[in-house]
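The values are calculated or read from the model by the stated rules, or taken from the named source; none is laboratory data. Just so it is clear, the structure is predicted and the values come from calculations on it, not from any experiment. Glycine gets a Cβ as well: all are built from the backbone with ideal geometry, and neighbour counts include every protein chain shown. Side chains included, ligands, DNA and RNA excluded: accessible areas come from the protein's heavy atoms. Shrake-Rupley method; radii C 1.70, N 1.55, O 1.52, S 1.80 Å.
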Amino acid sequence: MKRYDLVIVGAGPAGLSAAIEAAKNGLNVVVYDENSKPGGQLFKQIHKFFGSKEHKAKIRGFKIGEELLEEADKLGVEVVLNAIVLGLHPEKELTIKVEEEVIHVKGDTVIIATGAAENMVTFRGWTLPGVIGAGAAQTMMNLNKVRPGDKVLMLGTGNVGLVVSYQLLQAGCEVVALVDAAPRVGGYGVHAAKVARTGVPFYLSHTIIEAEGKDHVTGVVIGEVDANWNIIPGSEKHFDVDTICMAVGLSPMSQLLKSAGCKIVEDPKKGGVVPEIDELGQTSIPGVYAAGDVSGIEEASSAMIEGRIAGAAASEYLGYITKEELEEKIKVNESALDALRQGMFAPKNRGKLLEKTEEGVDISMNLLKKGYLLEEEVEKYPGVTKQKGVHPVIECTQNIPCNPCQDSCPKGCIMVGKNITSLPVVDTEKQCIGCGMCVASCSGQSIFLVDEEFEEGYASITMPYEFLPLPKVGDKGVALDRSGAKVCEAEVVDVRKAPVFDHTNLLTIKVPVEMSMKARFFKN
């Protein structure tokens, strides 16, 4: 039987981060993962992360995965794939099926970072081919380069539903609608806004009644629900689709911990059945830790920090670092974790309807119900100003932990301040040079450069653009507003690509000057 200082189950963001932290401290570490590729969900995530530099903000998920794997390899971490952990037994012994062989390994410490599984909802026809989870759609698109379908309806408007809807559009799918039984969009408003401006309608307080088709999905019927979640007669709507994608939440995969005898609790705020853990991630069994979604559903950024904390705790448990060293590491990591758990989407605010931002600005109810800001609401926010010449217009309207825009501006035009959840403010005393770094760095794609004096009678709008084929200078098309409605003709006057933009192209269009605060998307 092989013996290791630390055995980690799960090679996702939490597991790899824990392995790196422990290996830095000198532990002999092995990581087992049931998949054929390491990295967990990271390699499905082609969008840019939120947060600050310490949270790897504005870096795409798959690149973070590459960085973690490279660092783990350099530190000598052993990663074993196609390895299904069958059981965690007393004395921290694990039974593992690797390929066709069953082996037993012993860990002086164990970290369980098994993540979470997708939830599903049932309705007539839900077992038809063509009904898939959002995670499955991401696997098909971003890992296997297969388009899930041609016409897709998305159920769920949390961050997963919003992000995957956008990625479906990038893959060339038509997203016919975003549907959610809840009365409000559950994810970040900036994610909803970038989907809405492409023309995808939102149906809140709606759910799926039936998937149509005999041997595969050919259509779907949705209906509006009342306050008791009952379908309102006569509210049915039909869509021709070949794919129904579900993003209806995640459940922690805590089965290993439960079978090992760890104390388990039911906590709806954490996503369901989770292990009871202390501030270090240690379960009721000394030397056995949990990190990432298995201990409570959060973003991948939080999972990486929890992994580092667990890796440090395991190091101290075995005597590789002192208690004082552990406390210092915990202090740094808890500070980073606390920053991510602030703002409107903090755990303490889950389920609450907040009506004002931290700055006292009214929160857009239209954004929460339809996915976009009304024109009359935009200028309430401190990132939206009118100036001579080119200047940033920041349509960031919720207190989200994120500040890459502040760091990216070479002239200091944008300020977020020490509180990472503060709304960005444009300093009108500073002169914007139109470099576009803020546009490219914004993880929510909510920054535009506007120049109302571009030409006589015309304004220019520089926007983030992540679709193919990329328009060319001189192309003519239409500009869409925040709701995805056509508002005017538009001409492409500039297209900028640069390695530092990390595949967020800057598309500049020319529109009539009166459309400078309306046009927010270009369509050929």
Roughly how many nanometres apart are two label points built 7 Å out from the Cα toward the Cβ at Val265 and Leu374? 4.3
Rounded to whole Hz, the Karplus (6.51, -1.76, 1.60) HN-Hα couplings of the range 229-243, x for glycine and proline: 6, 8, 5, 7, x, x, 9, 5, 9, 10, 10, 7, 9, 10, 9
Label-point gap, in nm, between Thr95 and Arg147 - each point 7 angstrom along Cα→Cβ: 4.7
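Where the accessible area of the chain is counted over protein heavy atoms with a 1.4 Å probe, how much of it, in %, is carbon and sulfur?
Working: 11420 of 22430 Å².
Answer for the chain is 51 percent, counting heavy atoms of protein chains only.
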Once the in-chain neighbours fewer than 8 apart are removed, the lysines whose Cα is under 27 Å from Lys97 read Lys2, Lys37, Lys44, Lys74, Lys106, Lys258, Lys263
For the chain, longest principal axis from Cα atoms; helix 323-340 axis from its Cα atoms; angle between them, nearest 10 degrees, is 30
Whole-Hz couplings from phi, Karplus 6.51/-1.76/1.60, listed for the range 371-385; x for Gly and Pro: x, 8, 7, 6, 4, 6, 8, 4, 6, 6, 8, x, x, 10, 9
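Label the range 23-131 by shape, choosing from rounded, prolate and oblate, from the square roots a ≥ b ≥ c of the eigenvalues of the Cα gyration tensor; if a/c is under 1.5 it is rounded, and otherwise prolate applies when a/b is larger than b/c, oblate when it is not. Each step should come with its number before you reach the end.
On the way: a/c = 2.19, a/b = 1.11, b/c = 1.97.
Note, shape of the range 23-131 comes out oblate.
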Specify the inter-centroid distance of the range 8-30 and the range 306-358, based on alpha-carbon positions, in whole Å. 17
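Beyond 24 Å between alpha-carbons counts as too far, so tell me which of Lys386/Lys411; Lys194/Lys518; Lys56/Lys92; Lys58/Lys194; Lys56/Lys418; Lys53/Lys269 fall in that bin. Present the calculation step by step, with values, prior to reporting the outcome.
On the way: Lys386/Lys411 18 Å; Lys194/Lys518 14 Å; Lys56/Lys92 33 Å; Lys58/Lys194 16 Å; Lys56/Lys418 17 Å; Lys53/Lys269 27 Å.
Long pairs (Cα-Cα over 24 Å): Lys56/Lys92; Lys53/Lys269.
Over all distinct alpha-carbon pairs, what is the Kirkwood Rh of the range 372-462 in angstrom? All intermediate terms of the calculation are to be shown ahead of the outcome.
Numbers: mean 1/r = 0.0753 Å⁻¹.
Every distinct Cα pair counted, the radius reaches 13.3 Å.
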Cα→Cβ-extended label distance, 7 Å offset, between Arg184 and Asp362, nm: 1.6
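Return the calculated 222 nm mean residue ellipticity for the chain, to the nearest 500 deg cm²/dmol, obtained by summing -39500 (n - 2.57) across DSSP H runs with n ≥ 4 and dividing by the residue count. Don't jump to the answer; show the numbers that get you there.
Working: 12 runs with 112 residues, N = 524.
Result for the chain, helices only: -6000 deg cm²/dmol.
Give me the number: length gained by fully extending Glu455 to Thr127, i.e. 0.36 nm times residue separation minus the C-alpha to C-alpha distance, one decimal in nm. Intermediate values should be presented prior to the final figure.
On the way: separation 328, 0.36 × 328 = 118.08 nm, distance 5.64 nm.
Between Glu455 and Thr127, full extension yields 112.4 nm more.
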Let me know the charge dipole size of the range 450-514 about its Cα centre in debye, to the nearest 20, where only the beta-carbon of Lys, Arg (+1) and Asp, Glu (-1) is charged. 380
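Just the accessible area per residue of the chain, please: how many Å² with a 1.4 Å probe?
With the other protein chains kept in place, the chain gives 43 Å² per residue.
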Would you mind getting the Kirkwood hydrodynamic radius of the chain from its Cα pairs, rounded to one decimal in Å? 24.3
Relative to the longest principal axis of the chain, what angle (0 to 90°, nearest 10) does the C-alpha long axis of helix 13-24 take? 50
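Give the percent of DSSP beta bridges with both residues in the chain that are antiparallel, rounded to the nearest 5.
Details: 63 of 97 bridges.
Restricted to the chain, the bridges split so that about 65 percent are antiparallel.
How large is the charge dipole for the chain, taken about the Cα centre, if only the Cβ atoms of Lys, Arg (+1) and Asp, Glu (-1) carry charge, to the nearest 20 debye? Intermediate values should be presented prior to the final figure.
Working: 55 positive and 70 negative charges, 89 e Å.
Dipole of the chain, to the nearest 20 debye: 420 debye.
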Calculated Rg and Dmax of the range 330-482 using C-alpha coordinates, Å: 17.0, 58
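So, R0 is 41 Å and r is the distance between the beta-carbons of Glu489 and Asp240; what FRET efficiency does that work out to, to 0.05?
Numbers: r = 30 Å, r/R0 = 0.73.
Once rounded, the FRET efficiency stands at 0.85.
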If R0 = 45 Å, then Glu78 and Ser335, at their Cβ-Cβ distance, give a FRET efficiency to the nearest 0.05 of 0.90
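List the equivalent ellipsoid semi-axes of the range 291-336 in whole Å, largest first, each obtained as the square root of 5λ for an eigenvalue λ of the Cα gyration tensor.
Working: eigenvalues 86, 27, 7 Å².
With the √(5λ) rule applied to the range 291-336, the semi-axes are 21, 12, 6 Å.
Which loop GluC sites (Glu not before Pro) in the range 182-250, with loop taken from DSSP, have no more than 14 other Cβ atoms within 10 angstrom of their Cβ? List each step's numbers first, then the result.
On the way: sites: Glu210, Glu212, Glu224, Glu236; in loops: Glu236.
Hits after loop and neighbour filter: Glu236.
Determine the relative contact order of the chain: mean sequence separation of Cα pairs under 8 Å and six or more apart, normalised by residue count, in whole percent. Walk me through the intermediate numbers first.
Values: 1288 pairs, mean separation 73.0, N = 524.
Here the relative contact order equals 14 percent.
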With a Förster distance of 30 angstrom and the Cβ-Cβ distance between Glu210 and Glu174, calculated FRET efficiency to the nearest 0.05 equals 0.90
Could you give P(r) for the range 420-511, binned at 5 Å from zero, as whole percent values over all Cα-Cα pairs? 3, 12, 21, 26, 20, 12, 5, 1
In terms of Cα to Cα distance under 20 Å, which lysines are near enough to Lys237, apart from those fewer than 8 places away along the same chain? Lys151, Lys214, Lys369, Lys370
